[in-house]
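Okay, structure first, notes after.
The values are calculated or read from the model by the stated rules, or taken from the named source; none is laboratory data. Just so it is clear, the structure is predicted and the values come from calculations on it, not from any experiment. Because the Cβ atoms are built from the backbone with ideal geometry, glycine has one as well, and the counts that use them run over all protein chains shown. Side chains included, ligands, DNA and RNA excluded: accessible areas come from the protein's heavy atoms. Shrake-Rupley method; radii C 1.70, N 1.55, O 1.52, S 1.80 Å.
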Amino acid sequence: MKGVKIRVRQKKGMAILEVEGELDFSNVEQLQQEIQRRPEEVVEIDLQGLRFIDSSGAGMLLSQARHLYRQGRTLRIVRIPDFIREDLEVIGFFRVLEVLETNPNA
Amino acid sequence: MREVTTGNGKILRAYGLEGSGYSLPAEQVGGDFFEFIFCDERTVFAAIGDVMGKGFHAARLMEIIRHMLRECIRINPHPLEVVRRLNKVGGYELRKYGAFATLCLLGYDGTAGRLTCVNAGHHPPLLLSDGKVKVARGRGVALGLLEDYLGSGVEEFFLAAGDAVVLYTDGLVEACGPGEQRYGQERLKEIVRLQYGADADRMKQNILSDLETFTRGFSQKDDVTLVVMKVTGKAGERGED
């Protein structure tokens, strides 16, 4: 599918956002707004159905993670397809998440 | 030393090294860039990078980063210091717009034949030597994602005549054809391996032809940039510079 589809589920103080399709600069705000709308302490982004992510998508996820950590909340990114994990590893995505978890102002 | 710019391409001859680069934006302009920067009488830098986003916004930030990169090299040309400083000053600019940029910086000392590499979130360069392809191992976080640059440091290689280095952006390895399959690093490694003996510009053209064969003319979502550098003489020899 072209574009992105987001399905929201709730589970014990946690919001789960299931993301399907292609996340890029043309639709990244859609997911950003959905994350910002959630009041839960933990927001989980399930990427199992994601087929493509560009640098705008990766950048948005990191800035939202920073934002939530600053509020003492958590953004968790789970079930990442291997080929997307590889792309994210190149830019240092997971290293940044680790650093932000302990110091959101880094 | 000589640098020739033609359309989206550039050819360099300096310090016993020839370089050939090409960048094709997916839109009218893009966030990919590459540069050859002369440092002193024995050192030349090659840089490749990709600023987050598309179109004019990315292109504007890319021009800022390019300018800052030259300035950082002028202040202190140690490759790790260049990247650290660029992450400080350029990272500040990038963060203002919620952006980041990847960068791979190579410094080549033509007298010693030494190549130094520092990576900030960019796809690793490929090294072709004696018909074998090696992937550089240095890694680091892209510029602008953290206040202080975080990476594995400087990686060093000694190059002999005939050795080549290939730099590329994600738009090349993530390019797709009619199916969903990507061009990928493995196919790139294989076509690079087959280029042993070719000059830098021929290598670049052959890799781009192979990419075109793979994508079968399908338009791509991302900019594609490729740089090939090849050592033409023994360390210390200036050849035809």
In segment B:53-64, what count of residues is obtained for those that are touching an Asp or Glu at 6+ places or on another chain (Cβ under 8 Å) and either more than 14 Å from chain A (Cβ to nearest Cβ) or part of a loop (DSSP other than H, G, I, E, B) (or both)?
-> 2
Result of the Cβ filter at 6 Å on segment B:45-56, keeping first residues that are closer than 23 Å to residue B:81 by Cα and partners that are assigned to a loop (DSSP other than H, G, I, E, B) and among the polar types (S, T, N, Q), at least 6 apart or interchain, is B:50/B:169
Meets criteria (touching a residue at least 12 places away in the same chain (Cβ under 8 Å) and surrounded by 20 or more Cβ atoms within 10 Å (Cβ to Cβ)) for residue B:89 | no
Check A:65, A:58 and return the single one that is buried (at least 20 other Cβ atoms within 10 Å of the Cβ), closer than 30 Å to residue B:119 by Cα, within 9 Å of chain B (Cβ to nearest Cβ) and in contact (Cβ under 8 Å) with a residue 24 or more places away in the chain.
-> A:58
What number of residues within segment B:92-108 satisfy the criterion of being more than 11 Å from chain A (Cβ to nearest Cβ) and open to solvent by 10 Å² or more (accessible area, probe 1.4 Å)?
-> 3
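Yes/no per residue for (1) within 18 Å of the chain's Cα centre (by Cα); (2) more than 19 Å from residue B:116 (Cα to Cα); (3) open to solvent by less than 30 Å² (accessible area, probe 1.4 Å):
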{"position": "B:28", "(1), (2), (3)": "no, yes, no"}
{"position": "B:34", "(1), (2), (3)": "yes, no, yes"}
{"position": "B:44", "(1), (2), (3)": "yes, no, yes"}
{"position": "B:63", "(1), (2), (3)": "yes, yes, no"}
{"position": "B:74", "(1), (2), (3)": "no, no, no"}
Here is a list of conditions, (1) surrounded by fewer than 17 Cβ atoms within 10 Å (Cβ to Cβ); (2) touching a Gly at 6+ places or on another chain (Cβ under 8 Å), and residue B:8 meets all of them except one; can you say which number that is?
-> (2)
Filter segment A:74-101 for residues that are open to solvent by 40 Å² or more (accessible area, probe 1.4 Å) and either touching a residue at least 24 places away in the same chain (Cβ under 8 Å) or over 17 Å from residue A:18 (Cα atoms) (or both) and give the result.
-> A:74, A:76, A:79, A:83, A:86, A:89, A:94, A:95, A:98, A:101
Do we have any residue at all in segment A:17-28 that's open to solvent by less than 30 Å² (accessible area, probe 1.4 Å) and more than 27 Å from residue B:50 (Cα to Cα)?
-> yes
